[in-house]
Amino acid sequence: MVEVDKNVLIENISKLKTTELGIARIKRNLNLDVDVVWYCKDIILNPLSSIELKGKNWYIMFEDVIITVNKTSYTIITCHRMKKVNK
């Protein structure tokens with residue numbers, strides 16, 4: 001994992017986008033019926049979110065949601081819920 005200033009992603013939040021297939025995948029994965037780009041922006045801008053850069057992608061974690069965003073195109077690749085670990 002590379003230590004990078006998460007403000008790079010936040011400063012470029014207006015570039016955030018996804019594809020039609022991405023919209024369908026995210027809505028299905030998270031059971032959403034809202035604008036997925038708006039939903040993801042809201043999570044990214046939340047001060048309680050954890051933002052990490054690994055390789056070519058940003059990973060944003062908030063509560064039980066993980067968002068994957070390409071670091072150069074700012075395309076939302078996918079969002080999914082974290083799997084619960086049984087103890």
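The values are calculated or read from the model by the stated rules, or taken from the named source; none is laboratory data. Note that the structure is a prediction, hence the values are computed from the model and not measured. Positions of Cβ are generated from backbone atoms using ideal geometry, with glycine treated the same way; all protein chains shown enter the neighbour counts. Accessible surface areas use protein heavy atoms only, side chains included; no ligands, DNA or RNA. Shrake-Rupley method; radii C 1.70, N 1.55, O 1.52, S 1.80 Å.
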Portion, in percent, of the accessible area of the chain that falls on carbon or sulfur, probe 1.4 Å: 54
So the FRET efficiency between Ile10 and Thr78, C-beta based with R0 = 22 Å and rounded to 0.05, is 0.65
Set Lys and Arg Cβ to +1 and Asp and Glu Cβ to -1, take the dipole of the chain about its Cα centre, and tell me which of Val36, Met82, Val65 lies farthest positive. Met82
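Residues of the chain: accessible area per residue at 1.4 Å, in Å²?
It amounts to 67 Å² per residue over the chain.
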Which shape class, rounded, prolate or oblate, goes with the chain when its Cα gyration tensor gives a ≥ b ≥ c as root eigenvalues, a/c under 1.5 marks rounded, and past that a/b bigger than b/c marks prolate? oblate
Given Lys6/Lys56; Lys6/Lys54; Lys15/Lys83; Lys17/Lys84, the pairs whose alpha carbons are separated by over 21 Å: Lys15/Lys83; Lys17/Lys84
Distance between modelled label sites at Arg28 and Glu52, nm, 7 Å Cα→Cβ extension: 2.7
